[in-house]
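Engineer: Dropping the structure in here first, questions after.
The values are calculated or read from the model by the stated rules, or taken from the named source; none is laboratory data. Just so you know, these numbers come straight off a predicted model, no measurement behind them. Here the Cβ is made from the backbone with ideal geometry for all residues, glycine too, and neighbour counts use every protein chain on show. Surface accessibility is based on the protein's heavy atoms, side chains included, excluding ligands, DNA and RNA. Shrake-Rupley method; radii C 1.70, N 1.55, O 1.52, S 1.80 Å.
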2 protein chains.
Amino acid sequence: MTKSNEEKYWNTRLKNAAEYVPGEQPQGPEGYIKLNTNENPFPPSKAVLEAIRAAANDSLKRYPDPTAHAIRVAYAAAKGLNPDNIFVGNGSDEIFTLILRGFVEPDGVAAFPYPSYALYGTLAQMNGIRYDTVSLSADFSYDMAGFLKKKYDLAIIANPNNPTGTYCEVDDIRSFMRKFKGLLVVDEAYIDFYGGSAADLTDEFSNIIVTHSMSKSYSLAGLRIGFAVAPEDIIRGLMKIKDSYNVNMLAAAGAVAALKDAKGFNYNIKMVVNNKEYLEESLAAMGFDLVPSRANFIFVKHPAITSRELYGKLKERKILVRHFTGPVQSDYVRISVGTMLEIKALAKEIAVIVGA
Amino acid sequence: MTKSNEEKYWNTRLKNAAEYVPGEQPQGPEGYIKLNTNENPFPPSKAVLEAIRAAANDSLKRYPDPTAHAIRVAYAAAKGLNPDNIFVGNGSDEIFTLILRGFVEPDGVAAFPYPSYALYGTLAQMNGIRYDTVSLSADFSYDMAGFLKKKYDLAIIANPNNPTGTYCEVDDIRSFMRKFKGLLVVDEAYIDFYGGSAADLTDEFSNIIVTHSMSKSYSLAGLRIGFAVAPEDIIRGLMKIKDSYNVNMLAAAGAVAALKDAKGFNYNIKMVVNNKEYLEESLAAMGFDLVPSRANFIFVKHPAITSRELYGKLKERKILVRHFTGPVQSDYVRISVGTMLEIKALAKEIAVIVGA
């Protein structure tokens, strides 16, 4: 038995990278109302569960299709795209990692907005890529000109942005792309709730990747399915660099069924949007400042209490919302949209806390 | 619509990397006897299928446990290890990628045996890591001294080796580790068929990682579950660099059930070993040269026919075996062990082809 050697075998970038901390996942989540990780409060389509049960058969002894062909065809059909422009990842996180590994030279520089999804910076560090942050404007809109101040090899924006919920019009992205020479990734994990995807820009420009996810709008965070829509040569690069069998058979079966159930999908979206707007009205009535959101979460603060305190008091009451550290964003809490019961329970507790 | 720009956005390492080509997966595999990708011919445990069906429920709307805690506990219990020494990957391929990304500096040098699993070299190229190959001895045993000729930062050996099936004794690995200063990865994807794991060496040395897989011995290639057993600080490094939720909920449910079904596992192993030995006897009787194998495949050649021809003639007869290009290994075919029906069909066709 030798003594632990304090990460002797970690390389420099791994040692120096900040740790990405996912939202709290309490043991025994049944005791909590969990509005902190932007999961969809409604169950996945029954067709998905049936397809997975049917796929739990002897063919699991075989390797899955390395190209995820069936999912790409189903996604292309659902979204009016060509399968050759589609890549399937083990969640969109995997796609961001692959992009940082395969599409930026080791001496390249990336740019990410702030505040935004903290994972982009962590992944850049893990892959030894330097990056700058471009601050959002005071109203939390994107300062796209900020991404043109230097020659960036890669930029990633979340649209709608996380944690603010704010949205950048496709026309503004199009204008930006006429000037931008690097690779732009538009992370559309939250796009389905209010629409407005930039996916069509992948026909107009050779240097744009649009990513989607089944975690939020399809209620399938547990399945790990993300998509990249991009020009064909970028898709071929992602295919080359990925692990041979990155999407397992059960996820494939579930994803195909979800993509075919347009009715269930639309109904789920409608419910989430309805609840989100109800939540916004309830909190506005109690004096909250609300950032305009086009996602399944809202970013809010109240003049009578710090957001850190509000987070803590809600946690004592077994309601989890997300509070981030860091400038600007620490002034707010991010609340994921729940079921109507969860929202009403939240609103009731908040009314007590802020004395509304 | 702009013209395709011929991989303009691929980085140098992605452009220069060789493509890893997985074994053929014909459309409509039912028409073929598929003995080319080392899958287990027997179905997974019924308990696995039941656990997956039960996990196909509303909780799929939630993110999976980022630490794969339940699988690590089940694996630790099954193998007599500590969960803190266990990492779970989306297949062991993901684990090799993570090791190359996080445990070798960009100017580091790796060493891999030849002939062995070609993926190691491809992954090194994808991650910009230089590597040497160390040829096996004439009898296909490892030349461990070859890995000490230079200061290597990383070495990966497959044990039993793929495609040869040959095995290196744990004591020989132990002797090697007393001299080796880099990180050694022992890829034990095929270890379960005849035993002899080096996992205990992770208690003795700080610089060894032993990987396992559920693809072969658990009949779960479609599920994508691989394990790393290593000293705790290496496990923490793997945890830090991996994507947040790399193992999906359904794979987790299936893996836990598989690890708890020791009886089903042992029965499966016994059947594979039995069929493998029957296959060896049949081919030996027809004049084949057999490399001694401790895996679920055999590496063979026949004096009357080139292996390329044998591969081609079997493919015409709808039997897929693996033929590799490259020195030494192109002299052989690798045949995965099938069911008794498949083996008998194979032996019958081979008898016609070689005139035995």
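Engineer: How much accessible area does A:PHE297 have with a 1.4 Å probe, in Å² rounded to the nearest 10?
Structural biologist: So the heavy atoms of A:PHE297 present about 0 Å² to solvent.
Engineer: Heavy atoms only, 1.4 Å probe, whole protein assembly: order A:TYR117, B:TYR278 by accessible area, highest first. Please report the intermediate quantities before stating the final value.
Structural biologist: Values: A:TYR117 50, B:TYR278 85 Å².
Putting A:TYR117, B:TYR278 in descending order of accessible area: B:TYR278, A:TYR117.
Engineer: Another question, if that's okay. Quick one: pull the percent of accessible area on the stretch B:119-176 belonging to carbon and sulfur, 1.4 Å probe, ligands and nucleic acids left out.
Structural biologist: Carbon and sulfur: 46 percent of the exposed surface of the stretch B:119-176.
Engineer: Taking B:LYS179 as the anchor, which lysines have their alpha carbon closer than 21 Å to its alpha carbon, excluding any fewer than eight residues away along the same chain?
Structural biologist: Hits, sequence-local ones excluded: A:LYS3, A:LYS8, B:LYS149, B:LYS150, B:LYS151.
Engineer: Where both partners of a DSSP beta bridge lie in the protein assembly as shown, what percent of those bridges are antiparallel, to the nearest 5?
Structural biologist: 45 percent
Engineer: At q = 0.15, 0.24, 0.26 Å⁻¹, what is the log10 ratio I(q)/I(0) for the stretch A:222-266, with the Debye formula run over Cα points and no solvent?
Structural biologist: At q = 0.15, 0.24, 0.26 Å⁻¹ the computed log10 ratios are -0.51, -0.96, -1.01.
Engineer: With all protein chains present and a 1.4 Å probe, how do B:THR306, B:THR164, B:THR325 order by accessible area, largest first?
Structural biologist: Output order, biggest surface exposure first: B:THR325, B:THR306, B:THR164.
Engineer: Output needed: percent of Cα pairs per 10 Å distance bin for the stretch B:125-242, bins running from 0 to the one holding the longest distance.
Structural biologist: Answer for the stretch B:125-242: a P(r) of 12, 43, 37, 8, 0 percent.
Engineer: While we're on this one: Would you please give the residues with an amide H less than 5 Å from that of A:THR211, counting only those at least 5 places away or on a separate chain, with H modeled from the backbone geometry?
Structural biologist: For A:THR211, the qualifying residues are A:VAL186, A:ASP187, A:GLU188, A:VAL229.
Engineer: Per-residue HN-Hα couplings for the stretch A:64-74, Karplus 6.51 cos²θ - 1.76 cosθ + 1.60 at θ = phi - 60°, whole Hz, x for Gly and Pro?
Structural biologist: Result, ordered by residue: x, 5, x, 9, 6, 4, 4, 5, 5, 5, 5 Hz.
Engineer: In nm, give the distance between the simple-model label positions of B:ALA284 and B:ASP331, each being 7 Å from the Cα along the Cα-to-Cβ direction.
Structural biologist: 2.0 nm
Engineer: Let me know the shape class of chain A, please: from the alpha-carbon gyration tensor, a ≥ b ≥ c as square roots of the eigenvalues, rounded when a/c is under 1.5, otherwise prolate if a/b is greater than b/c, or oblate.
Structural biologist: It comes out rounded by the Cα gyration axes.
Engineer: State the volume of the convex hull built on the alpha-carbon positions of the protein assembly as shown, expressed per residue in Å³ and rounded to an integer.
Structural biologist: Hull volume normalised by residue count: 149 Å³.
Engineer: Explain nothing, just the number: relative contact order of the stretch A:21-96, from Cα pairs under 8 Å at least 6 residues apart, as a whole percent.
Structural biologist: On the way: 20 pairs, mean separation 11.3, N = 76.
Relative CO of the stretch A:21-96 lands at 15 percent.
Engineer: Per residue, how much accessible surface does chain B expose to a 1.4 Å probe? Answer in Å², no decimals.
Structural biologist: On a per-residue basis, 38 Å².
Engineer: On to the next question. How much mean residue ellipticity at 222 nm does the protein assembly as shown get from its helices, if each DSSP H run of length 4 or more adds -39500 (n - 2.57) and you divide by all residues, to the nearest 500 deg cm²/dmol? If you can, show how the numbers build up before the last one.
Structural biologist: Values: 24 runs with 256 residues, N = 712.
Value at 222 nm, helices only, nearest 500: -11000 deg cm²/dmol.
Engineer: What Kirkwood Rh does the stretch B:1-104 have if only Cα atoms enter the pairwise 1/r average? Answer in Å.
Structural biologist: Taking every pair of different Cα atoms in the stretch B:1-104, averaging 1/r and inverting gives 18.9 Å.
Engineer: While we're looking at this one, here's another question. So for the stretch A:46-260: antiparallel DSSP bridges make up what percent, rounded to the nearest 5?
Structural biologist: Taking every DSSP beta bridge within the stretch A:46-260, about 30 percent pair in antiparallel fashion.
Engineer: Additional query: Of A:LYS318/B:LYS260; A:LYS240/B:LYS263; A:LYS348/B:LYS61; A:LYS315/B:LYS46; B:LYS46/B:LYS318; B:LYS216/B:LYS348, which pairs sit farther than 32 Å apart, going by alpha carbon to alpha carbon?
Structural biologist: Pairs exceeding the cut-off: A:LYS318/B:LYS260; A:LYS240/B:LYS263; A:LYS315/B:LYS46.
Engineer: Where in the stretch A:242-259 does accessible area fall by at least 10 Å² between the isolated chain and the complete protein assembly, at a 1.4 Å probe radius?
Structural biologist: Those residues are A:ASP243, A:SER244, A:TYR245, A:ASN246, A:ASN248, A:LEU250.
Engineer: Using a probe of 1.4 angstrom, how much of the accessible area of the stretch A:210-356 is carbon and sulfur, in percent?
Structural biologist: 54 percent
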